[in-house]
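**Student:** Please find one structure pasted underneath; my questions will follow.
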Amino acid sequence: MAWKKRIASTASVMLLAAGGMMATASPAAADGPCPASRICVYDKDGFTGNRIASASTNSCFFPQDFTFGTIVSYDNNLSVDAKVWHYYANIGAYQLARTLVAGGFSSNIGVPDLGAAYGDLVCMGNARP
């Protein structure tokens, strides 16, 4: 009987230790650079530099409203696509510049000046300029 208690005790300690390691893992390590249910755009490659994060699935934001350069990398953990719209001030119209797909990411988009012009928008879901 004593050996059963020792085995049960040892097994409990090992399970608690393993559970403690999983519970203390940082969210960033588990989910990458952007929190779950958010889209994050970064103004440097490799998910670095200034970051804008949004949890909205049906709205737009102007990247220029923040201390932000151009969209260079992104991580979209939303269930909807986000679209970057370029504003052509000379004709007062928007044109789709890039789609940031739901569940997608890129450490270097490769589109010069994406979202950097005055009036450019990032819209999630069904939102449009």
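The values are calculated or read from the model by the stated rules, or taken from the named source; none is laboratory data. Just so it is clear, the structure is predicted and the values come from calculations on it, not from any experiment. All Cβ positions, even for glycine, are placed from backbone atoms using ideal geometry, and neighbour counts span all protein chains on display.
**Student:** Mind checking which strands (runs of 3 or more DSSP E) fall wholly inside region 46-129 and carry at least 3 residues that are within 12 Å of the chain's Cα centre (by Cα) and closer than 20 Å to A36 by Cβ?
**Tutor:** Strands (runs of 3 or more DSSP E) meeting the threshold: 48-54, 73-76.
**Student:** Applying the selection to region 71-92, what residues are buried (at least 19 other Cβ atoms within 10 Å of the Cβ) and polar (S, T, N, Q)?
**Tutor:** S73, N76, N77
**Student:** Looking only at region 66-112, filter to residues that are free of Cβ contacts under 8 Å to residues at least 12 places away in the same chain and in contact with a strand residue (DSSP E or B) (Cβ under 9 Å, 6 or more places away or on another chain); which one of those is farthest from R51 (Cα to Cα)?
**Tutor:** Narrowing region 66-112 to residues free of Cβ contacts under 8 Å to residues at least 12 places away in the same chain: 88, 90-93, 95, 110.
After this cut, where a residue has to be in contact with a strand residue (DSSP E or B) (Cβ under 9 Å, 6 or more places away or on another chain) as well, the list is 88, 93, 95.
Details: Y88: 25, A93: 27, Q95: 24 Å.
Step by step, filter region 66-112, then rank; the result is A93.
**Student:** Kindly establish whether Q95 is modelled with pLDDT of 95 or more, at negative phi and surrounded by fewer than 18 Cβ atoms within 10 Å (Cβ to Cβ).
**Tutor:** yes
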